[in-house]
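The values are calculated or read from the model by the stated rules, or taken from the named source; none is laboratory data. Model, not experiment: these values are computed from the prediction. Ideal geometry is used to build each Cβ from the backbone, glycine not excepted, and the neighbour counts take in all protein chains shown. The protein model used for the area step is the full one, side chains on, heavy atoms only, and it has no ligands, DNA or RNA in it. Shrake-Rupley method; radii C 1.70, N 1.55, O 1.52, S 1.80 Å.
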Amino acid sequence: MEAGDTLQVKDGVDQETIDAVKEVSTYKYGWDTDIEMEYAPKGVNEDIVKLISEKNLEPEWMTNWRLEALERWKKMTEPKWAMVDYPEIDFQDQYYYARPKSMVEKPKSLDEVDPKLLATYEKLGIPLKEQMILAGVEGQADKPDGERKVAVDAVFDSVSVGTTFKSELKKAGVIFCSISEAIKEHPELVKKYLGSVVPVSDNFYATLNSAVFSDGSFVYIPPGVKCPMELSTYFRINAENTGQFERTLIIADKGSYVSYLEGCTAPKRDTAQLHAAVVEIVVEEDAEVKYSTVQNWFPGDENGNGGIYNFVTKRADCRGDRAKVMWTQVETGSAVTWKYPSCILRGDESQGEFYSIAIANNHQQADTGTKMLHLGKNTKSRIVSKGISAGVAQNTYRGQVNMHPRAKNSRNYTQCDSLLIGDKCGAHTVPYIEVKNNSSRVEHEATTSKVDDDQLFYCRQRGMGEEEAVALVVNGFCKDVLQALPMEFAMEAQQLVAISLEGSVG
Amino acid sequence: MLKINNLHVSLEDEDKEILKGVDLTVDAGKVHAIMGPNGSGKSTLSYVLSGKEGYNVTDGSVELNGDDIMELEPEERAALGLFLAFQYPIEIPGVGNMTFLRTALNAQRKARGEDEIGATDFLRLVREKAAALKIDSDMLKRPVNVGFSGGEKKRNEILQMAMLEPKICILDETDSGLDVDAMKLVANGVNALRDEGRGFLVITHYQRLLDHIKPDVVHIMADGKIIKSGGPELALEVENNGYSDLLDEAS
């Protein structure tokens, strides 16, 4: 590879970012697909839960699991501790299930999928044809076989439209399919692991999700297998007044490895929409999972109308010794974000890492961070959080580091940087640290800075436009996290950083 | 090339006039030096020419090759070929020096309707220019000006200048904070760029920089005005006698 290419990708902003800034004036994914949909009646109750279960042709044990969750949920109240403020959500005024009519008879292969749906993903830049590789990676021949494939599971509102490269993955022993399919095809695995990392009773939104989740992705990597390609799920909310409740379950068996990517977008709507997902990751002995998210749900307009309310529970359980998990997230979308991807470091010498960029512009509110629960000996965790606030947005880092009495000689390092653009936004850092043994070490560093007029003037004197200058400075601020992303995501993330800060200066 | 005509400038925040009618013309191929005591308005002139916010131009005009530039954005002036070497170069954490250079170069090229420079050509060009300024590859990779010594920062400014090939180069106290060796490197860099098509405006406190960058014209600035202009001998006069005689003469 040319040295120049490395420079282009890894080192701040490149030309594509700049082009993206110029070409795209607003949220790029705000269009919708005109497609005939089938809805369940509004609201959530026993009948709706049974209906969702029935639509997915689920076995009885699954239906009962959901109904138990619903019973618990009815007794729970919404958490109010996060630094986010939004109008009361009427949970009975939402659609909990919406699927394209063409998906009623589940297509047997991608060839049978409604062309309108395929076109939707093509327009989003997500190819669902197996001969294609993910946009932006052509020519990135850094794999020895000269090919870089990414398998995609495409979720449209409440259903999975299709999954690519399934047979090729199967040869390696990897199971990659929608969770509704896994419930039918691999009940023993689902029964064993579902709810074992995020219990049904975990929190208000996770419990709701347990009752009404409609689809999502399922991954199983058998012992000793390095997944031959990156796996990804692309979530698209299309229908109006409809919540998306997806469930993802990833199991990395002993000594295995997988890198998983998640992307999400939604059309522009005047009214806010609910998204409450649960992601569970099980990491066995010596296994490693990398989970990267580029979250670009519609953030609402510049006056704070519409947008996605994003209440997500993500957790990884390092069950075996020397298990490793790495969360990387770029949160640019959503009107409200409530999300704390966490690591349970149960195995001795297990490791958890969390890299985050959270951007809040206009009226966006983000309350995000992580939890590192050190239970095993010699466990390590690292947190790097970059929060960027612009407009009148509020951005909170909320993190918890726990050292259990048994977690001898464990270490945590946390670095929390906030960047403010303008003088009407806010940045907050709320770390909770609890250490119950005296051989462990916890370090926390936090900084807050402003995008400096002198920096912008310097860039502009050298010929860059104002927005290009902001994008350059902010991408520089986020560099540590951008570097943690897989290459194709890093490019997309750089562009997103630029786009989501448009109009934040001047 | 650069034509400053009766330029009056006051601060935006307070009603204070800093430049009180500056007249100055720099022809292509010439090096003009501006000297003057602290607070005479030298740095303000460089900021106003390059379009920094915070100043009101109350009268006068500035033309660059016939274009009135006072209404233009800083980046538009840059694309027309105006370059300011900063007295205090700005740090940009996390942004690689090369990325910065390439982004700037391509932004200017784009603004002028030229093709962007490819990665390979860029790399060749930057290595060649950097070598002349004794800037090693490590310094090219480091974030812009972060952790650079005073000398490194100034050499980096000259590297940017060499890469961007401006028409008019304004050097704002480029000699401040430099030891003799660093000053020689910087001066050599500037001299290498002297060219029939390029004008220089060198702002400095001291004559010593002008030993290395020989000016064609020297101006003395005081209290927001050019009070005297002459040949290189004027700089020597300042060196020997200070500004007080000239100031007395003017008043």
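Things to note:
- Surface composition of chain B: carbon and sulfur make up 43 percent of the accessible area, probe 1.4 Å.
- Which of A:I251, A:S385, A:L456, positive extreme of dipole for the stretch A:15-500 (C-beta unit charges): A:I251
- Protection proxy ranking, peptides A:345-354, A:102-111, B:135-144, A:404-413, average beta carbon neighbours within 10 Å, highest first: A:345-354, A:404-413, B:135-144, A:102-111
- DSSP beta bridges in chain B [antiparallel fraction, %, rounded to 5]: 55 percent
- When the protein assembly as shown is reduced to its Cα atoms, the Kirkwood hydrodynamic radius in Å: 28.5 Å
- Shielding by partners - mean other protein chain Cβ count within 10 Å, residues of B:142-148: 2
- Within chain A, helix-based [θ] at 222 nm, where runs of 4 or more DSSP H residues each add -39,500 (n - 2.57), nearest 500: -6500 deg cm²/dmol
- Between 0 and 90°, nearest 10: helix B:97-111 axis offset from chain B longest Cα axis: 70 degrees
- Ranking A:I308, A:M403, A:G476 by how far each Cα lies toward the positive end of the dipole of the stretch A:15-500 (charges on Cβ) leaves A:M403 at the top.
- Packing here is the average count of other Cβ atoms within 10 Å per residue, and on that basis the peptides A:487-499, A:419-431, B:210-222, highest first, run A:487-499, B:210-222, A:419-431.
- On the basis of the beta-carbon distance and an R0 of 22 Å, B:N191 and B:R127 show a calculated FRET efficiency of 0.60.
- Relative packing of peptides B:31-42, B:53-64 - highest average C-beta neighbours within 10 Å first: B:31-42, B:53-64
- Annotation for A:D480 and A:E88: the two label points, set 7 Å from Cα along the Cα-Cβ direction, are 4.3 nm apart.
- The DSSP beta bridges internal to the protein assembly as shown are antiparallel in roughly 20% of cases.
- Simple rule: put +1 on each Lys or Arg Cβ and -1 on each Asp or Glu Cβ in the protein assembly as shown, find the dipole, and look at A:A446, B:G36, A:P341; the Cα lying farthest toward the positive end is A:P341.
- Simple point charges give the picture: +1 on the Cβ of Lys and Arg, -1 on the Cβ of Asp and Glu, and for the stretch B:115-193 a dipole about the Cα centre of about 160 debye.
- Residue mean of other protein chain beta carbons inside 10 Å, B:72-80: 4
- Between the stretch A:183-248 and the stretch A:322-359, the Cα center-to-center distance that results, in Å: 17 Å
- Chains B and A, summed buried accessible surface - 1.4 Å probe, Å², nearest 100: 2900 Å²
- Inter-chain shielding of B:39-52 (mean C-beta neighbours from other protein chains, 10 Å cut-off): 1
- For chain A, relative contact order (Cα pairs under 8 Å, six or more residues apart, normalised by length) works out to 12 percent.
- The residues of the protein assembly as shown present an accessible area of 39 Å² per residue when probed at 1.4 Å with all protein chains retained.
- Cα long-axis angle, helix B:150-164 against chain B (0 to 90 degrees, to the nearest 10): 80 degrees
- Relative contact order (percent, whole number), chain B, Cα cutoff 8 Å, 6+ residue spacing: 29 percent
- With Cα atoms, 0 to 90° folded angle of helix B:119-132 axis to chain B main axis: 50 degrees
- Between the stretch B:198-230 and the stretch A:259-293, the Cα center-to-center distance that results, in Å: 62 Å
- Accessible carbon and sulfur surface of the stretch A:15-500 relative to its total accessible area, %, 1.4 Å: 47 percent
- Sparse packing (at most 15 other Cβ atoms within 10 Å of the Cβ) combined with a DSSP loop state is found for the following chymotrypsin sites (Phe, Trp or Tyr not before Pro) in the stretch B:163-251: B:Y206.
- Computed about its Cα centre, the charge dipole of chain A is approximately 1720 debye, with only Lys, Arg, Asp and Glu carrying charge at their Cβ.
- For the stretch B:190-251, size of Cβ-based charge dipole, Lys and Arg +1, Asp and Glu -1, in debye: 280 debye
- Think of it as helices only: each DSSP H run of n ≥ 4 in chain B is worth -39500 (n - 2.57), and spread over all residues that comes to -11500 deg cm²/dmol at 222 nm.
- A simple spin-label model places pseudo-atoms 7 Å from Cα toward Cβ; at B:A250 and A:A446 they are separated by 5.2 nm.
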